[in-house]
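Enquirer: Provided herewith is a single structure, encoded as structure tokens, for subsequent inquiry.
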Amino acid sequence: MLLQRLVNENTEFYVLDRMTGQPLNGATVTVYDWFDNTVSSATTDASGYYSNIFFSAETVFKVKASFPGY
């Protein structure tokens with residue numbers, strides 16, 4: 001599985017199959033703060049897209065994607 005951040009953006013991501021490059025519909029994307037507290041969690045759409053609008057360029061965060069079978 002590959003979590004790809006859009007160029008020059010901190011808030012938009014695609015979750016893709018690493019081998020095929022195909023988007024993963026229904027992948028769970030969880031965002032954690034500096035202290036590993038869950039900040040948000042959402043599911044990707046049919047194109048593997050996920051967006052979170054509350055981050056700024058100065059925000060430090062960790063993003064984890066999960067999908068059954070990966």
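FYI, it's all coordinate maths here, none of it is from the lab. It should be emphasised that the depicted structure is a prediction, and the values quoted were computed from it without experimental measurement. Neighbour counts run over all protein chains shown; Cβ positions are idealised from the backbone, glycine included.
Enquirer: From a point 7 Å beyond the Cα of T43 in the direction of its Cβ, which residues of the stretch 11-25 have a backbone N at a distance under 13 Å?
Expert: 25
Enquirer: Continuing with the same structure: Please sort 29-37, 42-50 by packing, taking for each peptide the average over its residues of neighbouring beta carbons within 10 angstrom, highest first.
Expert: 42-50, 29-37
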